[in-house]
Amino acid sequence: MGLLSCLMFAVNFAFWVMGGTMLGLGIWMAVDPNAGDILGIAVDSGVNDSLYWASVYMMIGIGAGVFLLGFLGCVGALRVGKGGNCFLKLYFILVKIIIFAEIVSIILVAIFWTSLNDAVRDDMYRDVHNYYVNETSDDIYSKSWNKMQKEWKCCGSWNHTDYRQSNYSKTTGHTVPWTCCLMIDDLVVNLTQCRAEANKASINPSDYSVLHPTGCYDALVNFVDENSAIIIGVTCGFIGLQILGSIMACILMKKGND
C-alpha cells in the first residue's frame with residue numbers, strides 16, 4: 001500500500017471512528033430516557049426539548065454519514081486497483097453530498113439566527129418560570145439550571161426578574177434561588193442580601209454586589225462567542241479533511257485505472 005493510500009486510510013479511519021462514536025451516542029440519547037439526565041440536560045419541554053431532539057437527530061444523521069464515509073474511504077484505500085474504485089466513487093459522491101448539506105446548514109443557521117436566538121431565550125424563560133422547582137430538587141430542569149447558574153454566574157433567562165411570580169417563587173416564597181448568588185468555595189456569601197437585591201428594578205450590573213445580574217441566555221451567547229474561534233476552526237478543519245479525502249480519492253481512482 002503506497003503512501004497516498006496509507007494517508008487516505010488514516011484520514012478515513014479517523015472519520016470512521018468519529019462517525020461511529022457520534023452515531024452510538026445519538027442512538028443512546030434517543031432510546032435511553034435517562035440519557036439526558038446523565039448528561040445534565042433537561043429534555044421535557046421548551047428549548048431543552050426542541051434543541052435536545054434536534055441535536056440528537058442531527059448527531060445520528062451526521063454520525064451515520066461520517067461512519068459510512070470512513071468505511072468507504074478505508075475500503076477504497078485498501079483495494080486500489082482491486083475493485084476498490086467503486087468504493088472510491090461512492091466515497092467521492094458521498095463527500096460532495098455531505099459538504100453540500102453542511103453548506104446549506106450554515107446558510108440556514110445564518111438566515112434564521114435571530115429567530116433561533118429569540119426562540120431559545122423565550123424557551124429558557126418558560127423553563128425557569130414554569131418548571132424550575134428549587135435548588136435541591138433532583139428533577140432535570142432544576143439540576144440543569146442550578147448547574148448553569150453556578151458555573152456561568154448568571155440568573156434566569158433574561159435576568160433575575162424571571163423568577164418573579166414563577167412556580168419557584170410561589171412555592172418557596174423566595175425571590176431567587178441561592179444558585180443565583182455570589183459563592184466562594186460553594187458557599188453563598190450573603191444570601192439575605194442577595195435575595196434583597198433581587199427586588200431591585202435596576203438593570204445596571206454595578207448596582208448588584210452578591211446577585212448575578214446577567215441572564216443565562218446572555219451567558220450562553222458569551223460562551224459561544226468566546227469559543228467561536230474553536231468552533232469555526234473545527235468546522236473548517238472537518239470540511240478541509242473532507243475536501244482532502246475527495247482529492248485523494250480522485251487520485252487513487254485514476255491510479256487504479258492505470
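The values are calculated or read from the model by the stated rules, or taken from the named source; none is laboratory data. This structure is a prediction, so every number in the text was calculated from the model and none was measured. Note that each Cβ is placed from the backbone with ideal geometry, even for glycine, and that neighbours are counted across all protein chains shown.
Out of K96, K82, which single residue is assigned to a helix (DSSP H, G or I) and either farther than 30 Å from N159 by Cα or at pLDDT below 85 (or both)? Show your work before the answer.
On the way: K82 fails: assigned to a helix (DSSP H, G or I).
That would be K96, the only listed residue that is assigned to a helix (DSSP H, G or I) and either farther than 30 Å from N159 by Cα or at pLDDT below 85 (or both).
Can we say I184 is of a type in the set (A, V, I, L, M), out of contact with any Leu (no Cβ under 9 Å at 6 or more places or on another chain) and closer than 30 Å to M8 by Cβ?
It is false that I184 is of a type in the set (A, V, I, L, M), out of contact with any Leu (no Cβ under 9 Å at 6 or more places or on another chain) and closer than 30 Å to M8 by Cβ.
Can you say whether A35 is more than 26 Å from D118 (Cα to Cα), within 29 Å of the chain's Cα centre (by Cα), surrounded by fewer than 20 Cβ atoms within 10 Å (Cβ to Cβ) and modelled with pLDDT of 85 or more, as far as the supplied structure shows?
So A35 fails the test.
Name the residues in the range 121-135 that are crowded, with 18+ Cβ neighbours inside 10 Å and either in a helix (DSSP H, G or I) or among the polar types (S, T, N, Q) (or both), would you?
R121, D123, M124, Y125, D127, V128, H129, Y131
Can you tell me which residue among D225, D207, D162, D218 is of a type in the set (D, E), closer than 29 Å to T114 by Cα and over 21 Å from the mean Cα position of the chain (by Cα)?
D162
Each row is one residue, and each column tells you yes or no for (1) assigned by TED's automatic domain parsing to the domain that holds I103; (2) modelled with pLDDT of 85 or more; (3) within 16 Å of V120 (Cα to Cα); (4) in contact with a Gly (Cβ under 8 Å, 6 or more places away or on another chain).
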{"residue": "K200", "(1), (2), (3), (4)": "no, no, no, no"}
{"residue": "D207", "(1), (2), (3), (4)": "no, no, no, no"}
{"residue": "H212", "(1), (2), (3), (4)": "no, yes, no, no"}
{"residue": "G233", "(1), (2), (3), (4)": "yes, yes, no, no"}
{"residue": "G237", "(1), (2), (3), (4)": "yes, yes, no, no"}
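Considering only the range 248-258, state which residues are over 12 Å from G73 (Cα atoms) and modelled with pLDDT of 85 or more.
The answer is I251, and nothing else.
Scan D138, D162, D118 and give me the residue that is outside any helix (DSSP H, G or I), charged (D, E, K, R) and on the phi < 0 side of the Ramachandran plot.
Of D138, D162, D118, the one residue that is outside any helix (DSSP H, G or I), charged (D, E, K, R) and on the phi < 0 side of the Ramachandran plot is D138.
Could you say which residue among G61, G24, G46, G73 is surrounded by 19 or more Cβ atoms within 10 Å (Cβ to Cβ) and at pLDDT 80 or above?
G73
Take G215 and tell me if it is surrounded by fewer than 18 Cβ atoms within 10 Å (Cβ to Cβ) and of a type outside the set (S, T, N, Q).
Spelling it out, it is not the case that G215 is surrounded by fewer than 18 Cβ atoms within 10 Å (Cβ to Cβ) and of a type outside the set (S, T, N, Q).
Assuming E226 fulfils every condition listed in (1) surrounded by 12 or more Cβ atoms within 10 Å (Cβ to Cβ); (2) under 22 Å from M124 (Cβ atoms) apart from one, which condition is it?
(1)
May I ask you to say which residue of K143, K89 is closer than 21 Å to L220 by Cα and part of a helix (DSSP H, G or I)?
Residue meeting the stated conditions: K143.
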